[in-house]
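Enquirer: Please see the structure below; I have some questions.
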Amino acid sequence: RQVVDFPAVGDFVLIDRADDAGGRAIIRHVVERSSAFVRKAAGTALGQQVVAANIDTVFLCMSLEGDFNLRRLERYLALAWESGAVPVVVLTKADRCDNLPRRLWAVESVALDVDVVAVSSSDQDGYAGVLPYLVPGKTVALLGSSGVGKSTLVNHLLGKNAFETREVGADGRGRHATTRRELVLLPGGALVMDTPGMRELGMWDASAGLEQGFADVERLFASCRFSNCTHTSEPGCAVYEALAQGELSERRWQAYRKLKTEEAFAGDKASYLAEKERKYKNISKAIKQLPEKR
């Protein structure tokens, strides 16, 4: 079985408690997921990691202070759309932002058809913007880099300091405070999942997510003169016309190309390794069927 098939935080499972000594149980079956936020496993090894399962809404948390990165947000958005959950961009530390309207405009330019909410821990009503998404019986996962304020937000919603928080370092980088994914029930009946900060967010099988997250880019392809346009040097390319007229930024186009290339590489390598494993299994099976020497 693949690692992605094993239980993850948020999964519903069927357990066998026949041997209940010490409160232990055996997981017999993982119920089919309604959604799953999947990334490439961290490190050099090829594989998938299910970060959160059965999530209704994903809060993509990004700080308005030092850790503001639109290219990283585009990655989160693509994987969030691919997961089957509804993404909401939550911009934290709004009280420390010098030019909030400009930052909001920048985020909205890449977060197409996605709600964007700015929050702050400086006053009691600073998190009021996220409350409409906390529906009883629904599950919200908080995803983002270390130090953006995910645990602070959960603590506020719980009304107590249940999760450790740490100050951002002098270099502006967040420090890990949350070390594991944990699902908690809020007083109002909604479920919230706090997650550790992710320094790596590799793409994995996110073609539908990229199509939705970069709808402004992919919409241009239909206007190219040639149906098989590679958007590199062909005449009548709608992408390069949009770039020349300033309708599409060079940074967003390069970000799209990078994520598409990364996703294609992961898919090709996974297919290659799967075929290689199948080949060696067939060879091993054939060897076992050879007659023994006397």
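No value in this document is a laboratory result; all are computed from the given coordinates. For clarity, every value in this text was computed on a predicted model and none was experimentally measured. Reconstructed Cβ throughout: ideal geometry from the backbone, glycine too, with neighbour counts over all protein chains shown.
Enquirer: Using Cβ counts within 10 Å as a stand-in for footprinting exposure, how do Y133, Y256 rank, fewest first?
Expert: Y133, Y256
Enquirer: Determine the alpha carbon to alpha carbon distance for each of K150/K258; K40/K160; K160/K258 and list only those over 30 Å.
Expert: K40/K160; K160/K258
Enquirer: How far, in nm, would the chain grow between N161 and D125 when pulled straight, counting 0.36 nm per residue and subtracting the alpha carbon separation?
Expert: Gain in length upon complete extension: 11.2 nm.
Enquirer: Taking other Cβ within 10 Å of each residue's Cβ, how do C237, C61 sort, fewest first?
Expert: Values: C237 20, C61 24.
Ranking C237, C61 by Cβ neighbours within 10 Å, fewest first, gives C237, C61.
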